[in-house]
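Take a look at the structure set out below.
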Amino acid sequence: MKDNREKALLNFKKAQSHIGKVIEMTEKGEYCIDIMQQNLAVIGLLKSSHQKLMENHLNTCFKVAMDTNNKAKKERMTQEILAVTNLFYK
């Protein structure tokens, strides 16, 4: 599972680099389509990072919570997943 977190971190670092490029291109007044393509690359990296973190969470924390007999913990964990999923699709 650590592998997914490491992949997410790598994507965050790549996105950070691309954001710097997007800012630089915008400040220089470069062609809008070129800026938008860089922006889409950032969005793709962030979505991929989100997916990796979600997979990691489901395979670790969520799985542990679901294996308990604590109904409140299960409900809380389920609500957290739903809240994050709803935010992702807004």
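What net charge do the residues around residue 44 carry, taking every other residue with its C-beta under 13 Å from that of residue 44, with Lys and Arg at +1 and Asp and Glu at -1? Local net charge: +3. Under 18 Å Cα to Cα from residue 52, which aspartates and glutamates show up? Leave out anything in the same chain fewer than 8 places away. Straight-line reach from residue 52, under 18 Å: 3, 6, 80. Dividing the helix sum by the residues of the chain, where each DSSP H run of 4 or more adds -39500 (n - 2.57), gives a mean residue ellipticity at 222 nm of -28500 deg cm²/dmol. Length gained on full extension, residue 40 to residue 72, computed as 0.36 nm times the residue gap minus the Cα-Cα distance: 7.6 nm. Compared with the dominant Cα axis of the chain, that is its longest principal axis, helix 2-28 is turned about 30°.
Against the chain, whose longest principal axis comes from its Cα atoms, helix 71-88 is set at around 20 degrees.
Computed on the Cα atoms alone, the convex hull of the chain gives a volume of 84 cubic angstrom per residue.
Would you mind calculating the gained length between residue 30 and residue 10 on full extension (0.36 nm times residue separation, minus the Cα-Cα distance), in nm to one decimal? All intermediate terms of the calculation are to be shown ahead of the outcome.
Numbers: separation 20, 0.36 × 20 = 7.20 nm, distance 2.72 nm.
Net length gain for the segment: 4.5 nm.
Which length gain, in nm to one decimal place, applies between residue 23 and residue 59 when the Cα-Cα distance is subtracted from 0.36 nm times their residue separation? Walk me through the numbers on the way to the answer.
Values: separation 36, 0.36 × 36 = 12.96 nm, distance 3.62 nm.
Full extension from residue 23 to residue 59 adds 9.3 nm.
Projecting the Cα atoms of 83, 38, 15 onto the dipole axis of the range 2-88, where Lys and Arg carry +1 and Asp and Glu carry -1 at the beta carbon, places 83 farthest toward the positive end.
Where a number appears in this text, it was derived from the coordinates with a stated rule and is not lab data. Owing to the predicted nature of the structure, the values given are computational and were not obtained by experimental measurement. Note that we place each Cβ from the backbone using ideal geometry, even for glycine, and neighbour counts take in every protein chain shown.
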